[in-house]
Structure formats: structure tokens, C-alpha cells
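In what follows, a structure is listed as C-alpha cells, so that the remarks can point back to it.
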Amino acid sequence: VKRITVHTLQEMKNRGEKIAMLTAYDYSMAAIVDAAGTDVILVGDSASNVMAGHETTLPITLDQMIYHASSVVRAAKRALVVVDLPFGSYQGNSKEALSSAIRIMKEAGAHAVKLEGGVEIAESITRILTAGIPVMGHLGLTPQSIYKFGTYTVRAKEEAEAAKLQEDALKLQELGCFGVVLEKIPSKLAREVTDSINIPTIGIGAGKHCSGQVLVIHDMLGLNKGFKPRFLRQYANLFDVMDGAIKNYVSDVRANSFPNEKEEY
Ligand code: KIV
Ligand code: NA
């Protein structure tokens, strides 16, 4: 199979072909996501929530992201693997940002990194790009700033924040980012941003006009029972599938009906 690269994504955008991106954090899940034809696998810092059970993305460490990323890279035969730089690994200064990005590329074998923010992190993005590491931007609802926002509601509904987001998107393109995630912003704004830049936009809760879409794999598979925001489409109900299987196992063990003669040596 031919590996997806950042150039493939630009060609897809140019041809008007939508880009499908999903998260994964471990080998087994990533192997399924890759083989099913997903173009980009994001090792998101949402691992902090869905894998580690934290309330926010802030606690996950660079070492933990590298562990998740290295597992995903071993599974991905076709997809481009993008890895989030976690909170605290790049905000200090551009030198720190570069050394974090280098660790992700070198120790995990990732293909690109993603950072949250616009003009504020321009210097860091430039420094990482200068080292030959592809960078994806992330604007709108940036969960590493949750304590600044106060809520996970839609961003950039007001003119000032929308204008800043437009500027940031242009800046990310100008710096040389290969794409930008737009999270939880009005569809109309996502369309304007997508039309105003050449690089692909990947939306989550940002409407249908983006160049592609991304979802957290646990959410779209219905593993996260209580989580049903408006933007989420659940493609399966794996919670109930797993719940049923596990309950059957527990009851079989209790009834001493597992294992049977065919299942013993
Ligand atoms: O960490 C993550 O899963 C993300 C996506 C939601 C874009 O950044
Ligand atoms: Na993230």
C-alpha cells in the first residue's frame, strides 16, 4: 500500500476529495483504523481523557504520548500518523517545542506533530518546520486552554474571536503548516476559513465545508456511553456489545460453563 503523506493530503484538498481522520492510541485499535482506509491517524492528547481517565488533556506527559504514538506507528501501514504535542511540552519557548517534536519523531517514529494555537506559537512552529518536521495547526476550541475558556462550548461565535481565528489560519498557512484542525466553531466560519486558505482544514464540530473530518475513535464507536454532543455521529454502539459479552463471560464463569471440554487441554 502507498503511504499517505502531507503531499497526498494537499492533493486531496486540491481535487476536492475529503480527508478522513480518526484518533487511535494503541496498536490493536490503530491496526483496525488503518486497514479500514482512514487517511490520517491522530494520536491525540485526548488519550488523557479516553485512555487515562483524566478530566482534561492537561495531565498527559510527553513520555506517555510517545508510548501511545510508538504503538500506533507500529500498526499504521498506510495512514499518516500525526501526534499531539501535549500541554507543557511546547509553550515555554521554541527550543523546548523543537526538542519535544524531535522526541516524538525519533522515539515514536511519528510522521508529523500537531500544536494548539495561532500567532502566539508562530516561533515554535517555524523552528519545528525548519527541522523538517511537518506541523499541523489546531484552532477554535483548543482543549489545552480549557481553564481559560471555562467551558467546552462552541468558540468564535463573536466577531472578534472569529477575526482572530481567520488571521491565525492564514498565519499557520504562511508559516508552512500542512493543515489545520478546526474544533467546535460555526460551520459558516469554518467554510470561510477553508475558502481563504489553500492547505486542508480538518473539522470536528465545524460543519461539512472543511477539507476533512476528525473524530475521537472511542466516541464514534459508542464506547463513551454518556458523551453525545451535537457534532458526534455514533457509528456503532460498542459499549453495549462489550457490556453484553463481558456479562455473558462473568455468568459463564460463575455457572462453571466456561471452559467446557473442548476448551481444555
Ligand atoms: O486530541 C484529540 O483527539 C484532538 C482531536 C479532537 C482534533 O486534538
Ligand atoms: Na488534541
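Every number here is computed from the coordinates shown, using simple stated rules; none is lab data. None of these values were measured; they are calculated from a predicted model. All Cβ positions, even for glycine, are placed from backbone atoms using ideal geometry, and neighbour counts span all protein chains on display.
Computed over segment 6-234, relative contact order equals 18 percent, with contacts defined as Cα pairs under 8 Å that lie 6+ residues apart. Couplings for segment 173-182, taken from phi via the Karplus curve 6.51 cos²θ - 1.76 cosθ + 1.60 with θ = phi - 60°, read 5, 4, 5, x, 4, 8, x, 8, 7, 10 Hz in order; Gly and Pro are left as x.
A cut-off under 11 angstrom between Cβ atoms defines the neighbours of Lys171, and their net charge, with Lys, Arg +1 and Asp, Glu -1, is -3.
With both labels modelled 7 Å from their Cα along Cα-to-Cβ, the Glu123 to Asp195 distance reads 3.6 nm.
Place a +1 charge on the Cβ of each Lys and Arg in segment 1-136 and a -1 charge on the Cβ of each Asp and Glu, then give the dipole magnitude about the Cα centre in debye, rounded to the nearest 20.
Working: 13 positive and 14 negative charges, 126 e Å.
Charge dipole, segment 1-136, about its Cα centre: 600 debye, nearest 20.
Give me a comma-separated list of calculated 3J(HN,Hα) values for segment 196-210, in order, Karplus coefficients 6.51, -1.76, 1.60 applied at θ = phi - 60°, integers in Hz, x for any Gly or Pro. Once θ is set to phi - 60°, the couplings for segment 196-210 become 8, 10, 8, 6, x, 9, 10, x, 9, x, 10, x, 8, 8, 5 Hz. The modelled label-to-label distance between Val241 and Val253, using points 7 Å beyond Cα along the C-beta direction, is 2.2 nm. With a Förster radius of 45 Å applied to the beta-carbon distance between Phe149 and Lys77, the computed FRET efficiency rounds to 0.75.
At 222 nm, what value in deg cm²/dmol follows for the chain if DSSP H runs of at least 4 each add -39500 (n - 2.57) and the sum is divided by all its residues, to the nearest 500? Walk me through the intermediate numbers first.
On the way: 11 runs with 113 residues, N = 265.
One gets -12500 deg cm²/dmol as the mean residue ellipticity at 222 nm.
Taking Cβ atoms as reference points and 15 Å as the exclusive limit, the residues near Ala35 contribute a net charge of +2, counting Lys and Arg as +1 and Asp and Glu as -1. Note on Lys228: lysines with a C-alpha under 18 Å away, same-chain residues under 8 apart excluded, are Lys184. Taking the chain as a Gaussian network of alpha-carbon nodes connected by springs under 10 Å, the highest mean-square fluctuation of the residues Arg155, Arg254, Arg74 belongs to Arg254. Quotient of the Cα radius of gyration of segment 1-127 and 2.2 N^0.38 Å, N being its number of residues: 1.04. Over segment 123-233, the Kirkwood radius and the radius of gyration, each from Cα atoms, give a ratio Rg/Rh of 0.98. Only one residue of Thr194, Gly140, Leu238 has its Cα farthest out toward the positive end of the dipole of the chain, where Lys and Arg carry +1 and Asp and Glu -1 on Cβ, and that residue is Thr194.
Treat the count of other C-beta atoms within 10 Å as a stand-in for reagent exposure and order Leu165, Leu170 from fewest to most. Kindly include the intermediate steps, with their values, before the conclusion.
Working: Leu165 22, Leu170 15.
If I rank by nearby Cβ atoms, fewest first, I get Leu170, Leu165.
What is the distance in Å between the Cα centres of segment 95-125 and segment 15-88? So the separation of the two Cα centres works out to 15 Å.
Where does the charge balance sit around Leu141 when Lys and Arg score +1, Asp and Glu -1, over other residues with C-beta under 10 Å from its C-beta? Walk me through the numbers before you get to the answer.
Details: positive: Arg155, Lys184; negative: Glu116, Glu183.
That sum, taken over residues with Cβ under 10 Å, equals 0.
Footprinting exposure proxy ranking of His209, His218, fewest other C-beta atoms within 10 angstrom first, gives His209, His218. For the pair Ala131 and Lys18 in one chain, pulling the backbone fully straight at 0.36 nm per residue adds 37.8 nm over the alpha carbon distance. Bridging of Lys95 to lysines at a Cα separation below 19 Å is possible for Lys106, Lys114, once same-chain residues fewer than 8 apart are set aside. In a reduced charge model with +1 at each Lys and Arg Cβ and -1 at each Asp and Glu Cβ, segment 142-264 shows a dipole moment near 400 debye about its Cα centre. Simple point charges give the picture: +1 on the Cβ of Lys and Arg, -1 on the Cβ of Asp and Glu, and for segment 6-234 a dipole about the Cα centre of about 540 debye. Rounded to the nearest Hz, the phi-derived 3J(HN,Hα) couplings of segment 185-193 under the Karplus curve 6.51 cos²θ - 1.76 cosθ + 1.60 (θ = phi - 60°) are 10, x, 4, 4, 5, 4, 5, 4, 5, where x marks glycine and proline. With no solvent and one point per C-alpha, what does the Debye sum give as log10 I(q)/I(0) for the chain at q = 0.12, 0.15, 0.16 Å⁻¹? One equal scatterer on each Cα of the chain leads to -0.70, -1.08, -1.23.
Of the residues Gly176, Gln64, Met12, the one whose Cα sits farthest toward the positive end of the charge dipole of segment 6-234, with +1 on the Cβ of Lys and Arg and -1 on the Cβ of Asp and Glu, is Met12.
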